[in-house]
Amino acid sequence: MRVTAVTCVKNEGPFLLEWIAFNRVIGVSDHLFYSNDCSDGTDRLLDRLADHGLAVHLPNPAQGRNYQMEALKDARRQGVVRDADWLWVADVDEFLNIHVGDNTIPALIEACGDPQAISVTFQFFANAGVETYVDLPVIGQFTRSHNPDLWCDQSAIEVKTLVRRDFPLQYYGAHRPFFRAGLAEGKRPRWTDGSGRAVPENFLLAANKRRLRKFPAQGARVFATLNHYALRSLDSYLVKNDRGDVNRENRDFDDTYWRERNDPAVEDRSILRMLPRLEAQIAALKALPGIAELHEDCVRLHRSRRDALLAQEDYAAMQAQLRAAAPLPPGEGALLGQLGATPVLEMP
């Protein structure tokens, strides 16, 4: 089975090897990367990985501001996508945590009954007080998240989607594919959630504009969870804020973004079963000529950028603000205030 992962990156150099290694462990055979304006060695590392046949690396073709959607449009022309049995569109901070069989994509597909699409629900993993960037697997450092069935005040949580090659595609979205409006009911794709259940009809038909990329999370992760490490360490979050976003130019990640994703209410260590296989695969990648050296350069530049940012008054203030932020979403804090309760600020 040929599974191709497609992603857009900007200054993700220190995290590339872990993501590629993890994907290879779960059954991804090919990677297509689009990069833009990298200053931390991401592009050089990707070029070397491409030399070893481990990735296809292209400059982002976007002429406007919507980098990811323009890249996905271009991806359809690439052989690594056209020849794939399944396509996985995800970001470098997203890890497909499969709970069935041998924890691989083929096992997930079998458990879901071999549909034409599988949408797996996010679970946002908190920073949980980790300040310093260290060059170790992200999935081993962050094990606390929100209640899986409730994020902030939302019971519907976003998804990312595995897409089979015979999906009746109109175009790929970052979170889900779309098929032609008015497609006859008998020709609509068989599409499940991460528990093998049919996705809600309104989601399937993209009928509710507010829920184009999400549906209720309760019961949706029996076979797989999409672990999303949007914050990582405080160091890395500051660098992320500085680099902007691969999807929309010059978008800042403010205090609200941090607080919404820094809810440490639940411990989830399930993905740690993958660490031995992951670490072996990372070691294999680093053993290839030039890879370890370029990875180390990305690490060095990541730390150097952190130091440069913290020398600036506004970033030092941001660091202090995030350190002091209550580890609960703004909506919960507001509700506690209305009830006259005092939020508990300690980490579990």
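Give the residue, chosen from I118, I105, I157, I109, that is touching a helix residue (DSSP H, G or I) at 6+ places or on another chain (Cβ under 6 Å), touching a residue at least 24 places away in the same chain (Cβ under 8 Å), aliphatic (A, V, I, L, M) and crowded, with 19+ Cβ neighbours inside 10 Å.
Of I118, I105, I157, I109, the one residue that is touching a helix residue (DSSP H, G or I) at 6+ places or on another chain (Cβ under 6 Å), touching a residue at least 24 places away in the same chain (Cβ under 8 Å), aliphatic (A, V, I, L, M) and crowded, with 19+ Cβ neighbours inside 10 Å is I105.
So is V138 surrounded by fewer than 20 Cβ atoms within 10 Å (Cβ to Cβ), closer than 17 Å to I26 by Cα, touching a helix residue (DSSP H, G or I) at 6+ places or on another chain (Cβ under 7 Å) and of a type in the set (A, V, I, L, M) or not?
no
How do the pairs read when you match residues in region 206-222 that are within 13 Å of V159 (Cβ to Cβ) with residues anywhere that are assigned to a strand (DSSP E or B) and among the small types (G, A, S), using Cβ under 9 Å and keeping only pairs 6 or more apart or on different chains?
R211/A156; R213/S119; K214/A156; F215/S119; F215/A156; P216/A156; A217/A156; A220/S119
Residues A311, A287: which one is at pLDDT 95 or above, over 23 Å from Y237 (Cβ atoms), of a type outside the set (D, E, K, R) and surrounded by fewer than 12 Cβ atoms within 10 Å (Cβ to Cβ)?
It is A287.
Mind counting the residues in region 167-196 that are over 11 Å from P115 (Cβ atoms), within 22 Å of the chain's Cα centre (by Cα) and surrounded by 14 or more Cβ atoms within 10 Å (Cβ to Cβ)?
So the answer is 9.
Report, ordered by the first and then the second residue, all pairs with beta carbons closer than 9 Å, sequence separation of six or more or different chains, a first member in region 277-292 that is within 19 Å of N103 (Cβ to Cβ), and a second member that is of a type in the set (S, T, N, Q).
Qualifying pairs under 9 Å: R277/N103.
Is region 107-125 home to any residue that is in a helix (DSSP H, G or I) and modelled with pLDDT under 95?
The answer is no; no qualifying residue exists.
If you take the residues of region 15-49 that are closer than 18 Å to A71 by Cβ and of a type in the set (S, T, Y), which of them is surrounded by the most Cβ atoms within 10 Å (Cβ to Cβ)?
T42
Take G196 and tell me if it is touching a residue at least 24 places away in the same chain (Cβ under 8 Å) and at positive phi.
yes
Can you tell me which residue in region 316-333 is modelled with the lowest pLDDT, limited to those that are small (G, A, S) and surrounded by 12 or more Cβ atoms within 10 Å (Cβ to Cβ)?
G333
Considering only region 86-102, state which residues are assigned to a loop (DSSP other than H, G, I, E, B) and within 18 Å of the chain's Cα centre (by Cα).
A90, D91, V92, D93, H99 - these are the residues of region 86-102 that are assigned to a loop (DSSP other than H, G, I, E, B) and within 18 Å of the chain's Cα centre (by Cα).
Taking the condition farther than 15 Å from A174 by Cα, surrounded by fewer than 19 Cβ atoms within 10 Å (Cβ to Cβ), under 20 Å from the mean Cα position of the chain (by Cα) and of a type in the set (A, V, I, L, M), does L58 pass?
yes
Restrict the check to region 249-262 and report whether at least one residue is on the phi > 0 side of the Ramachandran plot and touching a residue at least 24 places away in the same chain (Cβ under 8 Å).
Taking every residue of region 249-262 in turn, none turns out to be on the phi > 0 side of the Ramachandran plot and touching a residue at least 24 places away in the same chain (Cβ under 8 Å).
Considering region 197-246 alone, what residues qualify as being among the hydrophobic types (A, V, I, L, M, F, W, C), under 30 Å from D314 (Cα atoms) and either loosely packed, with under 15 Cβ neighbours inside 10 Å or modelled with pLDDT of 95 or more (or both)?
Listed by number, the residues that qualify are A230, L231, L234, L238, V239.
The values are calculated or read from the model by the stated rules, or taken from the named source; none is laboratory data. Remember, it's a predicted structure, so these values are computed and weren't measured experimentally. In this analysis, Cβ positions are derived from the backbone assuming ideal geometry, glycine residues included, and neighbour counts consider all displayed protein chains.
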